[in-house]
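Data block below; observations after.
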Amino acid sequence: MLDFDFFTMLDSVTIARSRRHIEKYYNMSEIGSFPERLKPLSLRPSLSDLKSAINYAEIYGQLMMLNLSVYVPTDFLHPSKLEKYVDTKKGLNRAGREMGIRRLMSINLLKRLESSVQSFRLTLERVKKLIDDTIAEIDAYVKGGLSVIEGRELAGDDEDFDEDDRNTEYFVAEHSIKIDLADMDYKSWRDRLSEDAETLALLKAMIDDIRPEHDTKLQTLLRLIEEKINAPRNDGNRKILIFSAFSDTVEYLYAQVSAFVKVKFGLDTAMITGSVEGKTTIKGQRASMNEVLTLFSPISKDKSLLMPGNRNDLSVLIATDCISEGQNLQDCDYCVNYDIHWNPVRIIQRFGRIDRIGSRNEVIQLVNFWPDVDLDEYLSLKGRVETRMRISVMTSTGDDDLINAEETGDLEYRRAQLKRLQEEVVDIEDMQSGISIMDLGLNEFRLDLLEYVKANGDMDMVPFGLHAVVPASEGCPPGLVFVLKNRDNSVNIDAQNRLHPFYMVYVGRKGEVVCDHLSPKELLDKTRSLCKGRGAPLTDLCRDFNTETNDGREMEGVSSLLTDAIASIIDRKAESDIDSLFSPGGTSALTTRISGLDDFELICFLVVR
């Protein structure tokens, strides 16, 4: 059970609502509607229009030849020297960490290739320079120079990696280590380094001819932009939002797209990466994130209030995932994923910047750029590179588990995800296998309550025992929802009930618990769904209930279900008491006693028929 403090913190910082959540639980006629999602455009441009140019599959083949031994120096340590390189603080072998870094880098080369030729080129250059520098250190040692080298570490702001990778355990400087070449078979290491240097030099030579004018993916994007500006999806809307996982790709696109858009249409462009200073083609305009976003989406960002008198406007925004969450950019109606993030949830979050309630656009368009290979081949190529790295790990660790069942399941799950993304805009709930943050917070209900009090006044004088009658629906069977107040603190053991001293319980007609008091978010969602769009009593349902209870004089059925509801609370407390007997910190079993109905007041109840 998560600690109560966690939910308190969560409520203070989050208001998380997905499109599906809002459409299910809110009255859309009151708060507005979402724009219509057009079918995504899935594009697969080749790397280049040059006849002699290399293709994706051929590059994958070359990447398979890399051993990336520059990231695993401890793999070449003499066995007698291994103990020197154990992390005594954590009891971890340095070799395991290096294997992880190498695997991350091998996969990242694929990500960079899929992002843009320019990003891939820069990464090839950086890795080759690292290898060349390491070879130079070895050669200097052979000639009598220093013998100590630095183990390769990843910096937290390493621009070769996307935001998700930079949040992994490998980007921690505290693991930096110095290795003495005298403790190594440095000759074998140098041979492996030289092999990689040759492969990287060959790869770079193969893509050096692919400059912007021959970059088919870039040229496809420019044609898309031209078509969109000339034929807007919504009247007069020429705004375009372009995402990439890498700042190098964003800078490359900005240099090409901004010039194209300015010369051909006289429109302005901006870029935001979060790692380098923003840029814009508007002369004299600051390129801070807030100002850029306000100029790009002036209505949703209240430009008239924040930047009065500023007549500048941005038509194209190119950004990394630093703006993929928490930004309202619904002035725009066209979102381009220039690369397909390896975390599919990111793709949905990107589109969520323009797929927002209250949008003035009737329709919105998502465009996805995919590598120029069949999806199954694409995933197979990725799997082969990962498997090669895993074989290297097995060789050094003795692990014989090449790909376990869980990873096989992950691969199949990802294949299904990506196939769906090619054909439709998927909701974020469909991409998450675990619990969503939207399942946890209660802040949205507090905001609803504040709005109700503003409109209807304080409720302190409202008498207890009021009830309403609503029709049952799918997921909400006939029964009663009780709202109770505990007269003392005897029930809320371990602060499990986040509404204490108030308790909500939903019981069916036969006394079965539909939703208990420890699931307030689920129960509040059900209650909102049942009452959605109902501002007046439902005459027929009220008449039936009054007939059944003889206008409230015969409430034995309600009383029986109330007893069942309170019993469910007591039963859960008893379970907690028993659990506490086997937990550190003492037991609650002997400290409190609940007699039942007398421990609670009935605030109100909802009849579901």
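The values are calculated or read from the model by the stated rules, or taken from the named source; none is laboratory data. Treat the numbers as computed from the prediction; the structure is a model and nothing was measured. Neighbour counts are summed over all protein chains in view; Cβ atoms, including those assigned to glycine, are modelled from backbone coordinates with ideal geometry. Just the protein is used for accessible areas: all its heavy atoms, side chains included, with ligands, DNA and RNA removed. Shrake-Rupley method; radii C 1.70, N 1.55, O 1.52, S 1.80 Å.
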> Quick one: is ALA259 touching a His at 6+ places or on another chain (Cβ under 8 Å), under 28 Å from ASP49 (Cα atoms) and among the aliphatic types (A, V, I, L, M)?
Replying inline: no
> Considering VAL263, VAL250, which residue is of a type in the set (A, V, I, L, M), touching a residue at least 12 places away in the same chain (Cβ under 8 Å) and within 30 Å of PHE120 (Cβ to Cβ)?
Replying inline: VAL250
>> Consider the range 525-543. How many of its residues are surrounded by fewer than 19 Cβ atoms within 10 Å (Cβ to Cβ) and closer than 15 Å to PHE445 by Cα?
In response: 4
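Return a yes/no flag: does the range 233-245 have any residue that is free of Cβ contacts under 8 Å to residues at least 60 places away in the same chain, open to solvent by 60 Å² or more (accessible area, probe 1.4 Å) and not in a loop (DSSP other than H, G, I, E, B).
No, there is no match, as no residue in the range 233-245 is free of Cβ contacts under 8 Å to residues at least 60 places away in the same chain, open to solvent by 60 Å² or more (accessible area, probe 1.4 Å) and not in a loop (DSSP other than H, G, I, E, B).
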>> I'd like the full set of residues that are surrounded by 16 or more Cβ atoms within 10 Å (Cβ to Cβ) and touching a residue at least 24 places away in the same chain (Cβ under 8 Å), limited to the range 285-299.
In response: GLN285, MET289, VAL292, LEU293, LEU295, PHE296, SER297, PRO298
> Where residues in the range 75-104 are at pLDDT below 85, over 22 Å from LYS128 (Cβ atoms) and surrounded by 15 or more Cβ atoms within 10 Å (Cβ to Cβ), which of them is farthest from the chain's Cα centre (by Cα)?
Replying inline: TYR85
> Considering only the range 300-330, how many residues are of a type in the set (A, V, I, L, M) and open to solvent by 40 Å² or more (accessible area, probe 1.4 Å)?
Replying inline: 2
> Tally time: how many residues in the range 201-226 are of a type in the set (A, V, I, L, M, F, W, C) and either free of Cβ contacts under 8 Å to residues at least 60 places away in the same chain or touching an Asp or Glu at 6+ places or on another chain (Cβ under 6 Å) (or both)?
Replying inline: 2
> Which residues, taken from the range 499-515, are open to solvent by 10 Å² or more (accessible area, probe 1.4 Å) and in contact with a helix residue (DSSP H, G or I) (Cβ under 7 Å, 6 or more places away or on another chain)?
Replying inline: LEU499, MET504, GLY511, VAL513
> Would you pick out the residues in the range 131-154 that are modelled with pLDDT of 75 or more, outside any strand (DSSP E or B) and surrounded by 15 or more Cβ atoms within 10 Å (Cβ to Cβ)?
Replying inline: ILE131, ASP132, THR134, ILE135, GLU137, ILE138, TYR141, SER147
> Restricting attention to the range 339-349, which residues are in contact with a strand residue (DSSP E or B) (Cβ under 8 Å, 6 or more places away or on another chain) and either surrounded by fewer than 24 Cβ atoms within 10 Å (Cβ to Cβ) or part of a strand (DSSP E or B) (or both)?
Replying inline: ILE340
>> Give me the strands (runs of 3 or more DSSP E) completely within the range 459-559, filtered to those with at least 2 residues that are without any contact (Cβ under 8 Å) to a residue 40 or more places away in the chain and among the hydrophobic types (A, V, I, L, M, F, W, C), ordered by residue number.
In response: 513-515
> Does any residue in the range 52-73 that is closer than 17 Å to TRP189 by Cβ and surrounded by 18 or more Cβ atoms within 10 Å (Cβ to Cβ) come within less than 7 Å, Cβ to Cβ, of a residue that is of a type in the set (Lys, Arg) and modelled with pLDDT under 85 six or more places away or on a different chain, and which pairs are these?
Replying inline: LEU68/ARG102; VAL70/ARG152; TYR71/ARG102; TYR71/ARG152; VAL72/ARG102
> Which one is modelled with the lowest pLDDT, of the residues in the range 155-203 that are of a type in the set (A, V, I, L, M) and part of a strand (DSSP E or B)?
Replying inline: ILE179
